[in-house]
Amino acid sequence: VGPVRLQERRGLFHRMIQLEWAGFMGIARGSIGLGRPTSACGSSVAFRVEAFQAVGGYEGVDHFASGDDEFLMQRIADRTRWSVSFCADPGATVEAESPATASAFVRQRIRWASKAGHYERLWHVAVNVGIWLFFLLLAIGTVGAFFRPAWLPWVMTAWGIKMLGEGLLLAQSVWFYRRPWLMLVWIPAQLFHILYVLALSAAGVRGGVEWKSRSMTR
């Protein structure tokens, strides 16, 4: 798995997307380092033909609109003796195209979310569901704290857990990708992150997606 960063685009919206992407790649690198690879970006991956053939290639997942790179990587890690590694050299970084508009971003994230319930690892599905529920409770608690002040300590604790964990990960990742200024949008990105994850994840799990002007089923 190679390092990937989004192409540079200016503006708060694009900066938040770039910051989140750095977080995605940080999770990819960290999970591989822990021996439990969870994610990869198809813009920069390589694999042995023998490993590809040993797991049947993309058989069984080739109809999905998203996730073939992750499904393949996880199969190789779980079913074979081949190992998965991350190329931790900033000089090997490649750039992926960034969504140019908000509508393109929405379509992309719905497509990504469409694979959430189809991982072979049940614990991975459970983690996805757990994160979504945590975000839902955090959103409800944040609004509810205005009407029930007794909730405030619990809500603040939850926000602290989220921001501390993400902050440590993001700080390392933006430094690796030589874009430390992205941390300037970290605070406004918090609310954006929760709202879009709740809305678009639900939309992706619900049904069809659109990719490259084609309507596809999940």
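The values are calculated or read from the model by the stated rules, or taken from the named source; none is laboratory data. Just so it is clear, the structure is predicted and the values come from calculations on it, not from any experiment. So basically every Cβ, Gly included, is an ideal-geometry build from the backbone, and we count neighbours across all protein chains shown. Accessible surface areas use protein heavy atoms only, side chains included; no ligands, DNA or RNA. Shrake-Rupley method; radii C 1.70, N 1.55, O 1.52, S 1.80 Å.
So what's the back-of-envelope 222 nm ellipticity for the chain, counting only DSSP H runs of four-plus at -39500 (n - 2.57) apiece and dividing by all residues, rounded to 500? Walk me through the numbers before you get to the answer.
On the way: 7 runs with 121 residues, N = 218.
Using -39500 (n - 2.57) per qualifying helix, the result is -18500 deg cm²/dmol.
If you line up the long axis of helix 152-176 against the longest principal axis of the chain, both from Cα atoms, how many degrees apart are they, to the nearest 10?
Relative to the chain, helix 152-176 is tipped by roughly 40 degrees.
Scan (1) 46, 46, 29; (2) 83, 41, 30; (3) 59, 38, 36 for the value of Cα extents along the principal axes in Å calculated from this model and give just the label.
Entry (3).
Can you work out the accessible area per residue across segment 42-114, with the rest of the protein chains kept in place, probe 1.4 Å, in square angstrom?
Working: 4020 Å² over 73 residues.
In whole numbers, segment 42-114 has 55 Å² accessible per residue.
At a threshold of 8 angstrom on Cα-Cα distance, excluding pairs fewer than six apart, so keeping six or more, what relative contact order does segment 31-148 reach in percent? Walk me through the intermediate numbers first.
Details: 72 pairs, mean separation 29.3, N = 118.
After rounding, I find 25 percent.
³J(HN,Hα) across segment 112-121 via Karplus (A = 6.51, B = -1.76, C = 1.60, θ = phi - 60°), whole Hz, x for Gly/Pro?
Listing the rounded values in order: 4, 5, 5, 9, 4, x, 10, 6, 5, 7 Hz.
Residue separation times 0.36 nm, minus the C-alpha to C-alpha distance between GLU50 and TRP181: what's the value? Spell out each step's value before the answer.
Values: separation 131, 0.36 × 131 = 47.16 nm, distance 4.17 nm.
Contour length minus Cα-Cα distance gives 43.0 nm.
Quantify, in whole percent, the carbon and sulfur part of the accessible surface of the chain (1.4 Å probe; protein heavy atoms only).
Values: 7880 of 12420 Å².
Roughly 63 percent of what the probe reaches on the chain is carbon or sulfur.
Show me, for segment 191-199, the HN-Hα J-couplings you get by feeding each phi into the Karplus relation (A = 6.51, B = -1.76, C = 1.60, θ = phi - 60°), rounded to Hz, glycine and proline as x.
5, 4, 4, 5, 5, 6, 4, 4, 6
Helix 122-144 sits at what angle to the longest principal axis of the chain, using alpha carbons and giving 0 to 90 degrees rounded to 10?
20 degrees
Where does each of 107-116, 29-38, 128-137, 93-102 land if you order them by average Cβ count within 10 Å, highest first? Working shown, then result.
Values: 107-116: 21.2, 29-38: 16.3, 128-137: 14.7, 93-102: 12.5.
In decreasing order of mean packing, 107-116, 29-38, 128-137, 93-102 become 107-116, 29-38, 128-137, 93-102.
Starting from 0.36 nm per residue, how many nanometres of slack lie between ASP68 and ALA158 once their C-alpha separation is accounted for?
Values: separation 90, 0.36 × 90 = 32.40 nm, distance 3.34 nm.
Here the answer is 29.1 nm.
For ALA96, list long-range residues whose amide hydrogen, built 1.01 Å from N in the peptide plane, is under 5 Å from its own amide hydrogen.
Sorted by chain and number, the residues that satisfy this are ARG5, LEU6, GLN7.
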